[in-house]
Amino acid sequence: MSSFQSRTSSLPLGGAARNVAGAPTGDAVAAAFPRLQTMIDSARSKTRIGLVYPCDALALQAAQNIVDHGVARPILIGPRDAIARAADSAQIDVREFESVDTPADPRATAQSAVALARTGAVAALMKGSLHTDELMSAVVERGDGLRTETRISHAFVFDLPRYHKLLTVADCVVNIAPTLEIKRDILLNTLVLLRALHIDHPKVAIVAAVETVNPLIAATVDAHALAQSAWDEAVVEGPFGFDNAISAEAARIKGMTSRVAGDPDLLLMPDLNAGNILYKSFIYIGGGECAGVVLGARVPVVLTSRSDSSLARLASVALAVTAVRAQQVSRPINA
């Protein structure tokens with residue numbers, strides 16, 4: 001079951017706060033997370049991203065930051081008067097931005113943004129000051145939404161101080177208790193994204209509570225089934241416990257033979273509870289930073305939280321631009 005696709009009103013999930021004691025701020029943030037900064041630098045483009053209901057200073061500051069770094073071309077979609085008031089508060093001249101006037105209603109604005117995405121007027125969407133469920137309800141609406149044949153899912157790409165490369169985690173936001181088939185879609189969506197990030201033959205660790213198949217733990221059974229599929233362009237193994245997915249030494253001690261242990265590019269999580277807890281642990285305790293994007297819709301969607309850092313917002317837009325490029329050149333990944 002997906003919280004967006006089945007019960008959107010129950011999903012106020014947002015990003016973890018970034019004001020962790022001792023965390024870097026200002027220019028030091030980019031230096032602390034060089035892999036995310038490289039992703040931002042590589043994503044510079046004129047990709048049109050619809051900023052949906054940008055009616056507070058934070059959303060407009062994000063738009064200005066996107067322009068200042070040349071990552072994309074934000075299109076302001078929302079009620080003109082409310083945007084103007086927010087611009088005065090943020091001291092930003094919105095005359096420099098292309099805008100689309102909408103009624104002063106978040107849900108109507110979301111529907112207008114989705115309609116623009118359906119026509120190709122924008123190549124991606126980004127949440128402004130409306131609620132996540134207000135935007136995603138329009139995205140997943142049957143008929144007039146942005147659904148495709150695949151399941152909608154979400155991926156975070158982390159830059160972690162104690163890990164040697166970018167680490168992607170899916171799904172921490174959208175699918176609450178995914179079935180085996182939904183996990184397959186999550187994996188396929190994310191592999192397309194990793195290919196766009198120039199990660200060739202990514203290593204995938206399918207994570208569960210334990211690394212042995214136990215019929216009483218459905219996640220281990222699903223992990224084994226996914227690992228037994230013939231993946232053309234990835235090394236997929238599981239089940240893993242988190243320890244032996246991340247640590248080759250932990251895997252060795254437990255007698256595991258693996259090409260993935262200690263070196264995964266992607267952790268495929270068993271459910272939203274485990275994924276969301278891990279995500280926030282990486283931020284609050286692990287000192288990491290991340291970019292996130294919704295995949296599997298006609299266009300990528302960026303869901304930011306008010307507590308996200310400016311780097312996380314910018315990196316998420318860069319990730320969406322990367323996902324747009326993946327859609328433009330995508331070829332099927334077979335399992």
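Here are some residues: Arg259, Arg252. Which one is over 29 Å from Ile40 (Cα atoms), charged (D, E, K, R), touching a strand residue (DSSP E or B) at 6+ places or on another chain (Cβ under 8 Å) and open to solvent by 20 Å² or more (accessible area, probe 1.4 Å)?
Checking each option against the conditions leaves just Arg259.
Out of Glu249, Glu233, Glu237, which single residue is at pLDDT below 95 and either of a type in the set (Asp, Glu) or farther than 20 Å from Asn189 by Cβ (or both)?
The conditions single out Glu233.
Given the residues Ala291, Ala297, Ala274, which is the only one that is within 11 Å of the chain's Cα centre (by Cα) and either of a type outside the set (D, E, K, R) or on the phi < 0 side of the Ramachandran plot (or both)?
Just one listed residue meets the conditions, Ala291.
Among the numbered criteria (1) in contact with a helix residue (DSSP H, G or I) (Cβ under 7 Å, 6 or more places away or on another chain); (2) surrounded by 24 or more Cβ atoms within 10 Å (Cβ to Cβ), which one does Ile186 miss?
Every condition holds for Ile186 apart from (1).
Which members of the range 255-271 meet the condition of being over 15 Å from the mean Cα position of the chain (by Cα) and either modelled with pLDDT under 95 or not acidic (Asp, Glu) (or both)?
Gly255, Met256, Thr257, Ser258, Arg259, Val260, Ala261, Gly262, Pro264, Pro270, listed by residue number.
A quick yes/no check of all residues on (1) buried (at least 22 other Cβ atoms within 10 Å of the Cβ); (2) aliphatic (A, V, I, L, M); (3) at pLDDT 95 or above; (4) out of contact with any Ser or Thr (no Cβ under 6 Å at 6 or more places or on another chain):
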position: Ala16; (1), (2), (3), (4): no, yes, no, yes
position: Thr25; (1), (2), (3), (4): no, no, no, yes
position: Tyr53; (1), (2), (3), (4): yes, no, yes, no
position: Ala63; (1), (2), (3), (4): yes, yes, yes, yes
position: Gly70; (1), (2), (3), (4): no, no, yes, yes
position: Arg73; (1), (2), (3), (4): no, no, yes, yes
position: Arg80; (1), (2), (3), (4): no, no, yes, yes
position: Ala90; (1), (2), (3), (4): no, yes, no, yes
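Across the range 41-94, what is the total count of residues that are closer than 19 Å to Val122 by Cα, of a type in the set (D, E, K, R) and part of a helix (DSSP H, G or I)?
The total comes to 1.
Within the range 133-155, which residues are open to solvent by less than 20 Å² (accessible area, probe 1.4 Å) and either assigned to a strand (DSSP E or B) or not hydrophobic (A, V, I, L, M, F, W, C) (or both)?
Selection gives Gly145, Ser153, His154, Ala155.
What pairs come up if the first residue lies in the range 308-335 and is under 24 Å from Ala59 (Cβ atoms), the second is among the charged types (D, E, K, R) and at pLDDT below 95, and their beta carbons are under 8 Å apart, counting only those six or more places apart or on different chains?
Sorted first by the residue in the range 308-335, then by its partner, the pairs are Asp308/Arg18; Ser309/Arg18; Ala312/Arg18; Ser316/Asp308.
Residue by residue, here is whether (1) open to solvent by 50 Å² or more (accessible area, probe 1.4 Å); (2) free of Cβ contacts under 8 Å to residues at least 60 places away in the same chain; (3) acidic (Asp, Glu) holds:
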| position | (1), (2), (3) |
| --- | --- |
| Tyr163 | no, no, no |
| Thr168 | no, no, no |
| Asp171 | no, no, yes |
| Pro178 | no, no, no |
| Glu181 | yes, yes, yes |
| Thr190 | no, no, no |
| Leu193 | no, no, no |
| Ile206 | no, no, no |
| Thr212 | yes, yes, no |
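The values are calculated or read from the model by the stated rules, or taken from the named source; none is laboratory data. No experiment lies behind these values; they were computed from the predicted model shown. Cβ sites come from the backbone with ideal geometry, for glycine too, and all protein chains shown count toward neighbours. Protein only, heavy atoms only, side chains kept; ligands, DNA and RNA dropped before computing areas. Shrake-Rupley method; radii C 1.70, N 1.55, O 1.52, S 1.80 Å.
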